[in-house]
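Trainee: Sharing a structure, written as structure tokens. Questions coming.
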Amino acid sequence: MARVETTSNRPYHLVIFGASGFTGQFVVEEVARTVSEGPKGTLKWAVAGRSKQKLENVLEQAAGVLSKPELRSEVDIIVADVGEPDTLAAMCKQAVIVLNCVGPYRFYGEPVVKACVENGAHHIDISGEPQFLEGMELNYNSQAADNGVYIIGSCGFDSIPADMGVLYTREQFKGTLTAVESFLTVNTGPDGGCIHDGTWQSAVYGFADSDKLRSLRRKFNHKPLPTVGSRLKRRGALFYSNEIQQYALPFMGSDPSVVKRTQRFLVEEHEATPTQYGAYAGVGGIGNIIKLMFAGMMFWFLVKFSFGRNLLIKHPEFFSFGIFSKAGPSRKQMEGSSFQFAFYGEGYKEGQDPSQGKPNGKINTMVQGPECGYVATPITMVQAALTILNEPTALPKKGGVYTPGAAFARTTLIDRLNKHGVKFSCI
């Protein structure tokens, strides 16, 4: 069972590391909104990062946005730097859970995970980088288990809606669910929308290092998961989706790898039937496809070379046709944006033997919520942390490096998210 009590030596339920970063500032605001949901109705928390001045500014901003002047004086500040291990250790010794908002994680994530594992703090991140996520499992799972520490990755928009959405679909299906496809659509309001370039940087370096990811995966020596029912066919690189009535392509983020890791955990730990998964994203009409083709060709060419990667990193707005920007979205743009994940599943109805014949049941579910990067992500991250604090007995029996689905399958995380605007429903 996870240790979740504060002590005189470990005074904070949560420490937000990287609180002055673009995403971190919104995580600060979300924690401030939810203090009454902590153990026994209270939540002791602090912010951490390299610059005390910037952290003070973030608390000042949150105090103004939320009309909570007490944030200026009641939230403690911890100065810690990824490049200074002693400061990370000191931070982790004071926290029950570290909410790590410092990316790209491939560059800055491991020292924080290492410090958490060695100093007894649980760790939650919002990484969408499979190489980092799977590398942490390979390198720290055993030590985390020995120390009773829970390292739970991808607890933002990457990949809680997808991972928990597949589990929700399994729970709602009356029988044995064998395959699910998800279709993501993102809607922006009249002011448009964009994504902060930290995510763009992660994508650039992720695609450049794809060979290293394949090499990393071979080190696990995993056997292929068994296929139950009809084998899920992969769609094309670009196709018209009747499900969402627009053109779509395979989702390039971490969702497929995270869901597969969760399914492997359920097979190995709970002898469950694995669910096959395919992830797709809607891209709209012909005009968007033309833009996407140009952006894609430039990206694939430039990402192979160091000078090309430098160009991509330096000019995200130009090379992404405005999808990514160094400034990130405005609050007005965030307010007008939303997402929908539509899940289409098939399986064997109750009473039918999954080893006999083709699947004979279908199910449609939906996960929908507010702007994905800086509204939904803080919600999912903070609710994941609150679930650990309030439901330690529902987590896996021993510590380790987990996906959200593996960690939270037997908790009330979905119910908590429903109450905070990330809604799961059957269609």
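Trainee: Checking the condition among the acidic types (Asp, Glu), touching a strand residue (DSSP E or B) at 6+ places or on another chain (Cβ under 8 Å), buried (at least 18 other Cβ atoms within 10 Å of the Cβ) and touching a residue at least 12 places away in the same chain (Cβ under 8 Å), which residue from GLU335, GLU346, GLU350 passes?
Mentor: One residue alone meets the criteria, GLU346.
Trainee: Mind counting the residues in segment 86-109 that are in contact (Cβ under 8 Å) with a residue 24 or more places away in the chain, open to solvent by 10 Å² or more (accessible area, probe 1.4 Å) and closer than 19 Å to LEU14 by Cα?
Mentor: Within segment 86-109, residues that are in contact (Cβ under 8 Å) with a residue 24 or more places away in the chain, open to solvent by 10 Å² or more (accessible area, probe 1.4 Å) and closer than 19 Å to LEU14 by Cα number 6.
Trainee: Given the options GLY148, GLY153, GLY192, name the one that is closer than 23 Å to LYS260 by Cβ and either touching a Pro at 6+ places or on another chain (Cβ under 6 Å) or of a type outside the set (Ser, Thr, Tyr) (or both).
Mentor: Numbers: GLY148 fails: closer than 23 Å to LYS260 by Cβ; GLY192 fails: closer than 23 Å to LYS260 by Cβ.
Unique residue meeting the criteria: GLY153.
Trainee: Hey, another quick one. Looking at segment 188-204, which of its residues are open to solvent by 30 Å² or more (accessible area, probe 1.4 Å), within 18 Å of the chain's Cα centre (by Cα) and more than 16 Å from MET298 (Cβ to Cβ)? Steps first, please.
Mentor: Narrowing segment 188-204 to residues open to solvent by 30 Å² or more (accessible area, probe 1.4 Å): 188, 190-191, 193, 195-196, 199, 201, 203.
In the following step, the residues that additionally are within 18 Å of the chain's Cα centre (by Cα) were identified as 195-196, 199, 201, 203.
Answer for segment 188-204, where residues must be open to solvent by 30 Å² or more (accessible area, probe 1.4 Å), within 18 Å of the chain's Cα centre (by Cα) and more than 16 Å from MET298 (Cβ to Cβ): ILE195, HIS196, THR199, GLN201.
Trainee: Among the residues of segment 274-332, how many are among the hydroxyl-bearing types (Ser, Thr, Tyr), open to solvent by less than 20 Å² (accessible area, probe 1.4 Å) and more than 20 Å from ARG235 (Cβ to Cβ)? It would help to see each step written out before you state the result.
Mentor: So in segment 274-332, the residues among the hydroxyl-bearing types (Ser, Thr, Tyr) come out as 275, 277, 280, 306, 320, 325, 330.
Retained after the next criterion (residues that are open to solvent by less than 20 Å² (accessible area, probe 1.4 Å)): 275, 280, 320, 325.
With the extra rule that they be more than 20 Å from ARG235 (Cβ to Cβ), the set shrinks to 320, 325.
Of the residues in that region, 2 qualify.
Trainee: Taking segment 32-54, which residues are open to solvent by 30 Å² or more (accessible area, probe 1.4 Å) and hydroxyl-bearing (Ser, Thr, Tyr)?
Mentor: SER36, THR42, SER51
Trainee: Of all residues in segment 136-160 being of a type outside the set (D, E, K, R) and more than 17 Å from ALA406 (Cβ to Cβ), which is most open to solvent (accessible area, probe 1.4 Å)? Walk me through how you get there before you give the answer.
Mentor: First, the residues of segment 136-160 that are of a type outside the set (D, E, K, R): 136, 138-145, 147-157, 159-160.
Adding the requirement that they be more than 17 Å from ALA406 (Cβ to Cβ) leaves 139, 143, 147, 157.
Working: ASN139: 92, GLN143: 71, ASN147: 56, PHE157: 23 Å².
Of everything passing the filter in segment 136-160, ASN139 is most open to solvent (accessible area, probe 1.4 Å).
Trainee: Residues to consider are LYS114, LYS174, LYS93; find the one that is under 26 Å from TYR280 (Cα atoms) and of a type in the set (Lys, Arg).
Mentor: Values: LYS114 fails: under 26 Å from TYR280 (Cα atoms); LYS93 fails: under 26 Å from TYR280 (Cα atoms).
From the options LYS114, LYS174, LYS93, the qualifying one is LYS174.
The values are calculated or read from the model by the stated rules, or taken from the named source; none is laboratory data. These figures come from a predicted structure and were not determined experimentally. Here Cβ is always computed from backbone atoms with ideal geometry, including for glycine, and neighbour counts include all displayed protein chains. These area figures cover heavy atoms from the full protein model, side chains too; ligands, DNA and RNA do not enter into them. Shrake-Rupley method; radii C 1.70, N 1.55, O 1.52, S 1.80 Å.
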